[in-house]
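A quick write-up on the structure given underneath.
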Amino acid sequence: MDDAIIEIKNIVKEYPLRRGFRDLRGQGGVLDWIRGNKTEKFRALDNITFDIYRGETVGIIGKNGSGKSTLLKIISGVTLPTEGRVLVYGRVASLLELGAGFHPLLTGRENIYLNAGLLGMRRAQVDEVIEQIIDFSGIREFIDQPVDTYSSGMYVRIGFAVASFVNPDIFIVDEVLSVGDEEFQRKCRLRIGELREQGKTIVFVSHDLGTINALCNRVFLLDRGKLIDRGSVSGTIDFYLRQIGRAEGIHTISNISKDFEAIFSHGKVSLFYEKREITSPLGIEGVTVHLQQAHTSSMGDWLVTERQDQSLIAQGSLYRLPFQWEWNVNIQDNILTLSPSFSLLKEIQIQALEFRIFLPEIYNQFFYAGHEGKFTDILPGNLGWVPMVTPKVGETSAFLLSATDDYPLLKIGYETNEPGLSITIGNTDYIGRSRFISCHLQIPETNNFQMSKLYSIGKLKITLATKQQYEEWKSAWIQQRTIFLKDIELRLGEGFIEFIHEKSMKPITQAVHFHAQFRLQGMWFLSQTFLWQAPYKQDNKWIFEGESQRFPISLKWEFLPDANNNLLNTKVWLTINEDLVLEEYNLSIGLIYDYQNWETQLESGIFSEIPPEQVEYRHLNNDYHPSDYIIATGKDLPQVQLFTKQKNMFRMTAINPEYSLSARIIQAIATPEQKSVFHLSKGTHLLFDGGVKFKIGDEQN
Amino acid sequence: MAIDSQVKKPYYDSDSQTSVRQVPFDLIRAREILWGLVWREIKARYRYAVLGFLWAIIEPITLMLLLLFVFTFVFKQRIPAPDSGEIPMATQILCGLIFWQYFAMSVSSATLSLIYHQNLVKKLYFPREVIPLSSVIYPIVNLCIGFITLIVIHLILQRSISINILWIFIIFPILFCFSAGLGLLLSAGHIHFRDIGNMVNVGLTFGFYASPVFYPLDWVKTACENQSLPQWLYYLYVLNPMAGILTNFRESILYGKIPHLPFLLYSALISMFLLFIGIYVFRKQSATFSDYL
């Protein structure tokens, strides 16, 4: 191959017996040598041949003593193979030698020069980057102190900084990720990601199979000096896990037609559809949160206790928590069900349990809580996880759509009777490069689990869905949240209602839509910021309840539609748990910009053009006395009337909002009698009684 | 494949690691590493010593005074005082000492250098020759300081210096090659047989007495001619190249004479030969040093 950067040809490495006084006699000694006896040598590598190509990230795994370090030493030129040949077409730097050759009596700066020189840099080249190296190490103030005054952390930092800026073609990383603190490990991972991005070749040795899986294009398994290549990364890793006797924690199940498979491996489930892995290398994992610490299920000892073709039961105890999982996983046709339960080996407080499903980047769209969204791209700068949606109460499933047909549509849902389930969808950081769907079950502090009792906590369901199922589900979701009038559809969103003109299927509301807002303690709160439950029907009424996340107040909207008259009777109640001063509140409808005229009981006017420089709400009324209704009209648009049945209670106001909203607003502003604020006592208060009425085309005038 | 390897020049080829012909090229490539190691040793040695480089003067002067005391007072009666010209014993001893100390320091630190730098050898790839070579180079600093001291004392006592002192630029390279050759050979051996470290100590102590360090070669010559020692012992004595080297240093620096040419030629040949053997043996072994550390 032309672009092979490392060529390893038939390498054998034998370690001779150590020579010394004792070895002159006995086996392998002088007498044997004279007699011509050949002595047994330790064969560390046995006839290994492979090439590594430019830009690859290659992982090397194997048990202790399998020859990994010897192979790295041979690649980096530290030692020679006994037979065979190694050719390296580029400069090698190993990240394992952080601070190799540092002299304790020399200063940090002097050691940087020396270390960079040993890694193959010229002094002039070091001069160019010395400041960058010092900045990266973050210990500028100590840089002219001898390094024996440094802490071990500083030592490693400066070593890593040098290695980072040496800029070789090949990096050798040996277990470096297991030293240093969390922050340093993160920095290392990030740096490795960057190097990969720059097209550097990376040879990576680690016991952390998860990292290997996430980072490497190819994996070589060494077994007693022999090379075992099982093709794919996950194939090799699985083989390795079996080999090291952890096979008791692995089992594969599939449906009858064998097109949907799940591999359970030590607290991680990977899904395959038609032999293609549809979860990302991170798979599906369970997380136990204890004292703010997340313990993933793969950090435990697992044993598959029941093995069937279509189901399995596995038990795992976490390494660092007296917590035992029991997972019951089965596949029926196109549905995978994971029913987790757990028991505690000691009485500890569990704060939350979570299931995370990781999908590859090819999944780029989701549908959750009525919201059809696209994932953003995962960029090298993404250091943290980025959620795409905020959890909605009562919304316990989501659809995931991929960019190609090879990856099936997935419906992921969690069924539980416990309250406190929330679903978050988003992107992981750049290293993980996956989409995540998190089913998070918050456990109230008052919940005390008894020791060694098995608690069942619902079901995670993953369904391979079809496009048709998705469309049906989506429209059912919309149906469930839509009030149909004769000519208008009212769609209930999170704390607002969107009006849709049925004839054109175009929304006539915009920005805030139909909502309420409150001023408490000098600040405005929109009903959108409340946490809303799914609307439900009671007789002919629709009830829509939401709770403020900030104040002890909750809102209840009651809609009584009169379909034939295009009328939506609306009542709004406010329930408060303690006495409260409500400074102001209103109900508003944000209409599209095309509405031109407005009219109240007292006067009428036009919605003037909004100048681009306008950044505030501008009232258009001249007469501010309370009135009963306000009407907005526009050419070919349904006439919208906001009315109240409460006399002398609301000032009906027409507003031009800021330019960027590109909307018209009609608003019912509550006017407190005499007093300038509302003093509300604990209990439920009727805030608004009235509604919205629509008139279409020829009905007008 | 054949065409391939001609087109692409590998940065590292395991096959060329034992090739002796590669040594000069490897050393040129690694010159900055060599200077780095030398500087590191010099800086680390003197930075935190209060008297710093003064130690390079104090050490030989103290030893010189001690030996001077021993020979002028203690053994005065027993050893026949030969005619050593007008050159005082003090400069004679100092001249022998500084060059011997350079040699001893080079050889002993070179022998142990691979062990001393084992964290480099075990972890990084670079031509291993630079390690013993750096051990032979950094004592030059001490030597220079000692040499200046010698010249100052010589000028104070003699008030003259000859142009023949320039011969040191021929003699010192011979000493350097001798030390380097021995250093390479012994350090490579030391990796396999740690006994060599002890042997070198014994050998250097022996050499200190068996070389004209604190007495001139004439004493030995005279003793053998006087039949107080057998004649063959003298021939055995001058087989040691250090005998010729140290004597020639004295001749050119103190006596202002042209060096004794047979000695010069002999020591040069031995040194070159030893250097070549050292480089050859070292190169054949060096690529697998890390296996034995």
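The values are calculated or read from the model by the stated rules, or taken from the named source; none is laboratory data. Because the structure is predicted, anything quoted here is derived from the model rather than measured. Every residue, glycine among them, receives a Cβ derived from its backbone with ideal geometry; neighbour counts consider all protein chains shown. The area values use the complete protein model at the heavy-atom level, side chains included, leaving out ligands, DNA and RNA. Shrake-Rupley method; radii C 1.70, N 1.55, O 1.52, S 1.80 Å.
Taking the criterion of being part of a strand (DSSP E or B), open to solvent by less than 50 Å² (accessible area, probe 1.4 Å) and either under 12 Å from A:GLY55 (Cα atoms) or at pLDDT below 80 (or both), the residues of region A:190-224 that qualify are A:THR201, A:ILE202, A:VAL203. Among the residues of region A:225-237, is there at least one that is under 30 Å from A:VAL12 (Cα atoms), open to solvent by less than 10 Å² (accessible area, probe 1.4 Å) and assigned to a loop (DSSP other than H, G, I, E, B)? Yes, region A:225-237 contains at least one residue that is under 30 Å from A:VAL12 (Cα atoms), open to solvent by less than 10 Å² (accessible area, probe 1.4 Å) and assigned to a loop (DSSP other than H, G, I, E, B).
So, restricting to strands (runs of 3 or more DSSP E) that lie completely within region A:1-97, which ones have at least 2 residues that are more than 9 Å from chain B (Cβ to nearest Cβ) and modelled with pLDDT of 80 or more? Break it down stepwise before answering.
Values: elements: A:4-15, A:42-53, A:57-62, A:83-88, A:92-94.
Ranges flagged: A:4-15, A:42-53, A:57-62.
Pick out the one residue from A:LEU282, A:LEU271 that is crowded, with 22+ Cβ neighbours inside 10 Å, closer than 17 Å to A:PHE358 by Cα and at pLDDT 85 or above. Quick ask: steps written out before the conclusion?
Values: A:LEU282 fails: at pLDDT 85 or above.
Exactly one of A:LEU282, A:LEU271 is crowded, with 22+ Cβ neighbours inside 10 Å, closer than 17 Å to A:PHE358 by Cα and at pLDDT 85 or above, namely A:LEU271.
Within region A:39-78, the set of residues being on the phi > 0 side of the Ramachandran plot and polar (S, T, N, Q) comprises A:ASN47 only.
Residues that are at pLDDT 85 or above and surrounded by 15 or more Cβ atoms within 10 Å (Cβ to Cβ), at least 3 per element: which strands (runs of 3 or more DSSP E) completely within region A:445-515 meet that? Give the steps one after another, and end with the answer.
Numbers: elements: A:459-465, A:482-484, A:488-492, A:497-501.
Answer list for region A:445-515: A:459-465, A:488-492, A:497-501.
When only residues in region B:105-116 that are surrounded by fewer than 22 Cβ atoms within 10 Å (Cβ to Cβ) and not β-branched (Val, Ile, Thr) count, which is nearest to the other protein chains (Cβ to nearest Cβ)? Even if it seems obvious, please write down each step before you answer.
Let us first name the residues in region B:105-116 that are surrounded by fewer than 22 Cβ atoms within 10 Å (Cβ to Cβ), namely B:105, B:108-109, B:112, B:115-116.
Subsequent filtering for residues that are not β-branched (Val, Ile, Thr) retains B:105, B:108-109, B:112, B:116.
Numbers: B:MET105: 19, B:SER108: 20, B:SER109: 15, B:LEU112: 16, B:TYR116: 11 Å.
Among those that are surrounded by fewer than 22 Cβ atoms within 10 Å (Cβ to Cβ) and not β-branched (Val, Ile, Thr), it is B:TYR116.
The criterion of being surrounded by fewer than 16 Cβ atoms within 10 Å (Cβ to Cβ), assigned to a loop (DSSP other than H, G, I, E, B) and of a type outside the set (Phe, Trp, Tyr) does not hold for A:PRO391.
Against the list (1) of a type in the set (Gly, Ala, Ser); (2) buried (at least 19 other Cβ atoms within 10 Å of the Cβ); (3) not in a helix (DSSP H, G or I), the condition B:GLY189 fails is (3). When the residues of region A:120-147 are filtered to those that are more than 38 Å from the chain's Cα centre (by Cα) and not in a helix (DSSP H, G or I), the one that is surrounded by the most Cβ atoms within 10 Å (Cβ to Cβ) is A:MET121. Residues in region A:623-657 that are out of contact with any strand residue (DSSP E or B) (no Cβ under 8 Å at 6 or more places or on another chain) and either hydroxyl-bearing (Ser, Thr, Tyr) or at pLDDT 90 or above (or both): there are none.
How many of the residues making up region B:12-31 are within 11 Å of chain A (Cβ to nearest Cβ), small (Gly, Ala, Ser) and either loosely packed, with under 13 Cβ neighbours inside 10 Å or outside any helix (DSSP H, G or I) (or both)? Lay out the reasoning, then the answer.
Going residue by residue through region B:12-31, those that are within 11 Å of chain A (Cβ to nearest Cβ) are B:12-18, B:29-31.
So of that shortlist, the ones also small (Gly, Ala, Ser) come out as B:14, B:16, B:30.
Narrowing further to those that are either loosely packed, with under 13 Cβ neighbours inside 10 Å or outside any helix (DSSP H, G or I) (or both): B:30.
Qualifying residue count, region B:12-31: 1.
None of A:GLN614, A:GLN646 is of a type in the set (S, T, N, Q) and more than 43 Å from the chain's Cα centre (by Cα) except A:GLN646. Here B:MET242 clears all of (1) more than 14 Å from chain A (Cβ to nearest Cβ); (2) more than 13 Å from B:ILE171 (Cα to Cα) except the condition numbered (2). Residue count for region B:32-52 under the criterion of being open to solvent by less than 20 Å² (accessible area, probe 1.4 Å), at pLDDT below 85 and more than 9 Å from every other protein chain (Cβ to nearest Cβ): the result is 1.
Listed by position, the helices (runs of 4 or more DSSP H) inside region B:117-178 whose residues that are within 14 Å of another protein chain (Cβ to nearest Cβ) and free of Cβ contacts under 8 Å to residues at least 12 places away in the same chain number at least 2 are B:118-123. With respect to the stated conditions, B:ILE279 is open to solvent by 30 Å² or more (accessible area, probe 1.4 Å), closer than 30 Å to B:PHE25 by Cα and in contact with a Leu (Cβ under 8 Å, 6 or more places away or on another chain).
Could you check, for region A:421-435, whether at least one of its residues is closer than 20 Å to A:ASN566 by Cα, outside any strand (DSSP E or B) and touching a helix residue (DSSP H, G or I) at 6+ places or on another chain (Cβ under 6 Å)? Within region A:421-435 (the criterion being closer than 20 Å to A:ASN566 by Cα, outside any strand (DSSP E or B) and touching a helix residue (DSSP H, G or I) at 6+ places or on another chain (Cβ under 6 Å)), the answer is no, since none of the residues qualifies. Would it be correct to say that A:TYR150 is at the interface with chain B (Cβ under 9 Å from one of its Cβ atoms) and either of a type in the set (Phe, Trp, Tyr) or open to solvent by 60 Å² or more (accessible area, probe 1.4 Å) (or both)? Here the answer is no, as A:TYR150 does not meet what is asked.
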